[in-house]
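The values are calculated or read from the model by the stated rules, or taken from the named source; none is laboratory data. It should be emphasised that the depicted structure is a prediction, and the values quoted were computed from it without experimental measurement. Heads up, the Cβs are rebuilt from the backbone with ideal geometry, glycines too, and the neighbour counts pull from every protein chain shown.
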Amino acid sequence: MPSHHDLVFDNGFARLPDSFFSRVQATPVPDPTLVCHSPDALALLGLDADALHHPELIEVLAGNRVLPGMEPVAALYAGHQFGHFVPQLGDGRAMLLGETKGWEMQIKGGGRTPYSRGGDGRAVLRSSIREFLCSEAMHALGIPTTRALALVGSPLPVYREDEETAALVTRLAPSFVRFGSFEVFFYRNQTEPIRILADYVIRRYYPQFAGLADPYPVLLHEVAKRTAELMADWQAVGFAHGVMNTDNMSILGLTLDYGPFGFLDAFDPGFVCNHSDTHGRYAFDQQPDVGAWNVTKLAQALVPLISVDAASAAIQDYPQIFSRAYVARMAAKLGLTTGSDTLSLLLDLLKLLAANHVDYTIFFRRLCDFDSTPGATNAAVRDLFLDRDAYDFWALRYAGALRDAGVPDAERRLAMRAVNPRYILRNHLAETAIRRAADERDYSEVARLHALLARPYDDQPEFAAYATEPPDWARRIEVSCSS
Ligand code: AMP
Ligand code: MG
């Protein structure tokens, strides 16, 4: 069986000029133990779970030792946080260890770095479980994201509102470069590092643009497009990120930095998942616009390489790209093709879902079984609504649209089930797994949730209890930036 000894490590990012990062050493943690792992993510490196039986690898994932070829660095970046520019941020607790097989390996929670500011450089078990589970769940949903290889815990106390314990998530991504990685040099009036970083990103991640006479506007357009499409993915599945600062925006269009995220339960366009976001800047329905705003900040940071006109031209079709992608995804969730009738059905439906506080995920999953025959009652869907008359009126129009489309119900049902997940990482599910892990050192619920969410579109009837509306106590869960 392959082990970590078979991996050849390199660190391309660490060969950029020194101004892009600081070389760091993680601060060791006592008694690291494996909490959970992702077989799918391990497979990306050609490993399986056996590799994690090797105590040396656990020590590496805990930041207690490095393997040959690894060169741990903390990246420098800046960022617009809640609308305000912060000129100097950086990996305050994440450390890039190295890369292998096209994946950069990063540990999050390895202790202080030159960018930790007032922070302790640590991550607590609670938030690490959330990041581990959500990264892998998003991937299984088909949404671009950084991955999570494994999670190790340590008895080391970490102080937040209460005393908690330390953990480290191992993240994988082709690159962790953020919009803020460019912004930091723009605000320092340094053009050369912006060019070096843009060239590095193009050479490694967008090689199709490398031969162009002026690749930078094309790069910007591609990042804008990926960002718009990512926003469409988030909206379609009901995911709220919670902290869409430009330092959390990936240059590859990946979902990056899982903190106080949340999935919609009852449909509420103004849903704010982050308890610290008092003004609702990052509310669910604001995400597409915030994505656009963040893209303008990236465009601005690239202006030293391209003209202002070229930069605005490169990002001007973001709204159309988003709308097209969003409507396509929502039409598929309805089992229809795009068109003006579909759009009006969709907009009316979203109003109905909001007014009736209907669970977003349950609604669409039940809708897969909708019987379009005239007179069919479709009680399972209808029962979700308080205002039955309003629902009946909508359902009549929907049934008509389905019959006009002419796809047999059985065929449509299969297509709809492939885009309407039965299982999402609801807050209360994560919370139950976290409590058991933190209070009893019992990690079985984390593993169960991970396995369940690896197949979100499958029925998995033995897990039906994980597909229901949240219990009443879930309303008291508060997630914030402190993690
Ligand atoms: P976030 O909102 O989690 O993306 O974090 C914003 C910035 O704060 C990033 O530069 C993080 O590296 C840094 N940061 C967050 N938590 C800590 C911590 N506990 N110790 C040091 N830096 C942190
Ligand atoms: Mg961050």
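Summary table
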quantity: Unique match (being within 16 Å of ligand 1 (Cβ to nearest atom) and at pLDDT below 95) among GLN81, GLN88; calculated: GLN88
quantity: Residue check, ASP257 part of a loop (DSSP other than H, G, I, E, B), on the phi > 0 side of the Ramachandran plot, at pLDDT 95 or above and within 13 Å of ligand 1 (Cβ to nearest atom); calculated: yes
quantity: 2 or more residues crowded, with 17+ Cβ neighbours inside 10 Å: qualifying helices (runs of 4 or more DSSP H) within the range 371-483; calculated: 388-405, 409-417, 427-440, 444-453
quantity: Selected residue [within 22 Å of GLU462 (Cβ to Cβ), modelled with pLDDT of 95 or more and not polar (S, T, N, Q)] from LEU345, LEU429, LEU367, LEU352; calculated: LEU429
quantity: Identity of the residue in the range 219-252, within 16 Å of ligand 2 (Cβ to nearest atom) and in a loop (DSSP other than H, G, I, E, B), that ends up nearest to the chain's Cα centre (by Cα); calculated: HIS241
quantity: Any pair with Cβ under 8 angstrom, 6 or more apart, that starts in the range 398-423 at a residue that is more than 14 Å from ALA331 (Cα to Cα) and ends at one that is crowded, with 17+ Cβ neighbours inside 10 Å and among the aliphatic types (A, V, I, L, M); calculated: ASP409/LEU402; PRO421/LEU141; PRO421/VAL237; ARG422/ALA467; TYR423/LEU452; TYR423/LEU453; TYR423/ALA467
quantity: Check on PHE267, over 19 Å from ILE315 (Cβ atoms), away from ligand 2 (no atom under 14 Å from the Cβ), crowded, with 24+ Cβ neighbours inside 10 Å and among the aromatic types (Phe, Trp, Tyr); calculated: no
